[in-house]
Amino acid sequence: MRPESTALVSPRADVMTETVEGFGTVRFTPVDPAADSAVLHSWVLEERAQFWGMNGASRELVQEIYEDVDSRDTHHAFMVRLDDEPVALFQTYEPTADRISECYEVREGDIGVHLMLAPVSDRPRPGFSRTLIGSLIRFTFRDPAVLRAVAEPDARNAKALALSNRLGFVRQGEITLPEIDLPEVYLPEKQAVLAFLDRPAVLPAPVAVVPES
C-alpha cells in the first residue's frame, strides 16, 4: 500500500504526460521535496534500494536531499506516476556538473540518468515494464538536443544492470566515481558500470497494451 502522502496534490505541473491505450496515463512531474518525501522515504528504506545510499536516512534527510537537487539547474528529479500512483523516480543531470565527468570524455548532447522503480505492487499490470521503458526513453530524448543518455549503475547492482540492458544501454566497462565530501552532500566512492544509450533514429511510439485472454 502506498504511504499516506500529499504527493497526489502537489501543485507542480507535469512536464510530460502520455496515455497508452489499455494501460493508463504516464506522468512525469518534478519531485516536490515536501509532498513526495513520504513516498521516496518508504522506497529508499527497502533493502533493494541499498545502492542509493539512503537506507538509514530519515524522512527529513530525504526531503533535504531532494531540496538540494531541486535547487540545482543541472540536476533534476521527477516522480513518474501511472495515473495517480507513483511508480518510479527518474533523475537526470548534466554530466559536466557531476563527478562522472572525471571518468569519461563528456560529449555535447549527453545527459545522465538514474532510475528507481517503486516496490512491486500487489496489482500486477500486463505490459508494465515494456510500456514504462518506452515512456522513459521518450522522456529522456524529448529535447532534440539530447543525443546520448549516460548511466552509471553500481557494479554490484545486478537488477539495475539488467534494467539498463532492457532499456538498451550498451556497457563500456567499469569506472570508479570519486568520493564527494561537501557540506550539502556526501557521496562515497563508487564502483560503477559506465553505459550509453544513443538517441534512437525514431523514438518508439506508445503501443496499446493487449489484455491477456
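Take the chain with all the other protein chains still there, run a 1.4 Å probe, and you get 54 Å² of accessible area per residue. To the nearest 10 Å², what's Trp52's accessible area with a 1.4 Å probe? Rounded to the nearest 10, that gives 70 Å². The mean sequence distance of close C-alpha pairs (under 8 Å, at least 6 residues apart), as a share of the length of the chain, puts its relative contact order at 18 percent.
The accessible surface of the chain, taken with every protein chain in place and a 1.4 Å probe, is 52 percent carbon and sulfur.
May I have the convex hull volume per residue, in Å³, for the Cα set of the chain?
132
Derived scalar couplings between HN and Hα for the range 41-46 equal 4, 5, 6, 6, 6, 5 Hz in order, rounded to whole Hz, by the Karplus curve 6.51 cos²θ - 1.76 cosθ + 1.60 (θ = phi - 60°), x for Gly and Pro. When DSSP assigns beta bridges and you keep just the ones with both residues in the range 90-209, what percent turn out antiparallel, to the nearest 5? Beta bridges within the range 90-209, antiparallel portion: roughly 85 percent. Between the amide H of Ala118 and those of Ala88, Leu89, distances stay under 5 Å, these residues lying 5 or more places away or on another chain, with hydrogens modeled in the peptide plane. Ordering Leu45, Met79, Phe90 by Cα displacement along the dipole of the range 32-119 toward the positive end leaves Leu45 in first place; charges were set at the Cβ atoms of Lys, Arg (+1) and Asp, Glu (-1).
The HN-Hα couplings worked out from phi for the range 70-82 by the Karplus form 6.51 cos²θ - 1.76 cosθ + 1.60 (θ = phi - 60°) are 5, 7, 9, 8, 9, 10, 9, 10, 10, 8, 9, 10, 9 Hz, whole numbers, x standing for Gly and Pro. Accessible area per residue was computed with a 1.4 Å probe on protein heavy atoms; Ser42 scores about 40 Å². Note on surface exposure: His76, His41 rank His76, His41 by accessible area, highest first, 1.4 Å probe. Report the Cα centroid-to-centroid distance between the range 136-206 and the range 49-66 in angstrom, as an integer. Computed from Cα coordinates, the inter-centre distance equals 20 Å.
The values are calculated or read from the model by the stated rules, or taken from the named source; none is laboratory data. This is a predicted model, so every value here is computed, not measured. FYI the Cβ positions are ideal-geometry reconstructions off the backbone, even for glycines, and counts take in every protein chain you see. Accessible surface areas use protein heavy atoms only, side chains included; no ligands, DNA or RNA. Shrake-Rupley method; radii C 1.70, N 1.55, O 1.52, S 1.80 Å.
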